[in-house]
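Heads up, the thing below is written out as structure tokens.
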Amino acid sequence: MTIERQACLERDRNDPLGFTRARFALPPDVIYLDGNSLGALPASVRPRLDDAVSREWGRDLIGSWNGAGWYTAPGRVGAKLAPLLGARPTEVTIADSISVNLFKLLVAAARMRPGRREILAEAGNFPSDNHIVESAARMLGLRARFVPAEEIAGAVTPDTAVATLSHVNYRSAAMQDMAGVTDAIHAAGALAVWDLAHSSGAVLLDLDGSGADFAVGCGYKYLNGGPGAPSHVFVAERHLAGFDQPLQGWFGHADPFRFEDGFAKAAGIRAALCSTPPVLSLLALEAALDAFDGVAMSDLAAKGRALCDLFVALADERLGPLGVALASPRDGAVRGSHVSLRHPEAFGIVRALIRRGIVGDFRAPDAMRFGFAPLYIRFVDVFDAVAAIEETIGREAWRDLAPTDAGAVT
Ligand SMILES: Cc1ncc(COP(=O)(O)O)c(C=O)c1O
């Protein structure tokens, strides 16, 4: 059955979450399908940063650490984010980057399972995760073993201290069953560290209900915190007392302003912090989370899935005959909020699309990734993007690009 543009406009008119798009400052001539890499700019961020810079920093200077709540911002923003993750406010804080937090959590988890000799990790995960796994294992004298995400549950053994994987794979968008995999990891006596980079703010998460031990996530993708926005860390309440992460710095100290020589760990999730946070980025993230006000994550995830389903259906109908293959799960129940397509000219296609304002990205060797951030993408955007891809491939538009025109491929 042919899908019509008119039907997509109709879906947008009836979309109960249609109101959230107005919370973003989007360029009118762009269809932005890369929110899974860098989220769009929420309208709430600019005035918040203006105030933070001119008043809090410019006028009140160092007094703002207490007066404007900078010091408590990591926990405050973590608590604001927690409901989007299915976590308690006391289990989440904002700190550092995903890679740094992953290192902290892997070491902390391994320290809770002394005598076990292995870190089990996802082959094909985002490379930085596995670089961190290798280094953490080397430092701890453990073995690092890598198996595909779908095999983690069956590969964990009584020698595994900790197993780590992405909830949604950065390339294929394949989504793992967090509760089921965590149960299997626990059955072998190991601990689970989840990477939520492509999940937080896009898909339905229930960290507490799933029994997750630890998790890290991204501030600059679906949470729209801006380039380099700090990451978030989740430590399940039952582990907070015994949580011993390796980067023990003064922000994780029970009383940093006593300036004692010895380290005394802070109570609660603050122990996940190491040092002075990037305050402006943290405040930008805090303001960005306003875009989720009044939005149920179940509704948001359902819309993301519907957008992806529409994209897959249109790609089957209009791009399949042009040699494009689906590189993501067809079943929306096991897919995150982006879709990858494969074509031998993927790099050129993505460059040509960016030239005409359809922004996706390329992942070597032949994948085009299109993210459908449900807060600001419309059904008609999906339709128009597929029409543009069809036209781009049909007339081999990449041949018109200068070799130096690498576009903004990220
Ligand atoms: C799944 C995944 N893990 C880790 C990272 C690395 O994040 P960071 O640069 O914050 O360490 C990314 C970045 O895109 C990612 O997609």
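The values are calculated or read from the model by the stated rules, or taken from the named source; none is laboratory data. The structure displayed is predicted, hence computed values, not measured ones. With ideal geometry, Cβ positions are generated from the backbone for all residues, glycine too; neighbour counts draw on all protein chains shown. For the accessible areas, the whole protein counts, side chains as well, though only heavy atoms, and no ligand, DNA or RNA atoms are used. Shrake-Rupley method; radii C 1.70, N 1.55, O 1.52, S 1.80 Å.
Descriptive notes on the structure:
- Conditions (1) under 20 Å from the mean Cα position of the chain (by Cα); (2) within 30 Å of D361 (Cβ to Cβ): number failed by V30: (1)
- For region 356-386, the set of residues classified as open to solvent by 30 Å² or more (accessible area, probe 1.4 Å) and either basic (K, R) or closer than 18 Å to A313 by Cβ (or both) consists of R356, R363, R378, D384, listed by residue number.
- If you go through region 160-187 and keep only what is open to solvent by less than 20 Å² (accessible area, probe 1.4 Å) and more than 16 Å from A149 (Cα to Cα), you end up with just A161.
- For region 208-221, the criterion of being over 19 Å from T90 (Cβ atoms) and open to solvent by 10 Å² or more (accessible area, probe 1.4 Å) is met by at least one residue.
- Residues being more than 14 Å from T93 (Cβ to Cβ), of a type outside the set (G, A, S) and either open to solvent by less than 10 Å² (accessible area, probe 1.4 Å) or part of a loop (DSSP other than H, G, I, E, B) (or both) - total across region 245-255: 3
- Test result for L196, open to solvent by 30 Å² or more (accessible area, probe 1.4 Å) and in contact (Cβ under 8 Å) with a residue 24 or more places away in the chain: no
- Condition check for L319: buried (at least 18 other Cβ atoms within 10 Å of the Cβ) and touching a residue at least 60 places away in the same chain (Cβ under 8 Å): yes
Every residue, every condition in (1) of a type in the set (A, V, I, L, M, F, W, C); (2) in contact with a Gly (Cβ under 9 Å, 6 or more places away or on another chain); (3) part of a strand (DSSP E or B), yes or no:
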| residue | (1), (2), (3) |
| --- | --- |
| G294 | no, no, no |
| A306 | yes, yes, no |
| D316 | no, no, no |
| L319 | yes, no, no |
| R369 | no, yes, yes |
| I377 | yes, yes, no |
| D381 | no, no, no |
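- Matching option when the condition is at negative phi, in contact (Cβ under 8 Å) with a residue 60 or more places away in the chain and touching a helix residue (DSSP H, G or I) at 6+ places or on another chain (Cβ under 9 Å), among V203, V162, V147, V181: V203
- Yes/no for G228 being open to solvent by 20 Å² or more (accessible area, probe 1.4 Å) and of a type outside the set (A, V, I, L, M): yes
- Per the listing F259, F251, the residue uniquely free of Cβ contacts under 8 Å to residues at least 12 places away in the same chain and in the same structural domain as S166 (by TED's automatic domain parsing) is F259.
- All positions within region 324-344 that are over 22 Å from D195 (Cα atoms) and assigned to a strand (DSSP E or B): A325, L326, L341, R342
- Positions within region 286-312 being open to solvent by 40 Å² or more (accessible area, probe 1.4 Å), touching a residue at least 40 places away in the same chain (Cβ under 8 Å) and of a type in the set (G, A, S), in sequence order: S298
- Residues of region 118-142 classified as open to solvent by 50 Å² or more (accessible area, probe 1.4 Å), more than 14 Å from the ligand (Cβ to nearest atom) and part of a loop (DSSP other than H, G, I, E, B), total: 1
- Listing of strands (runs of 3 or more DSSP E) fully contained in region 143-244 that carry 1 or more residues being under 14 Å from the mean Cα position of the chain (by Cα) and within 16 Å of the ligand (Cβ to nearest atom): 160-166, 191-195, 214-217, 231-235
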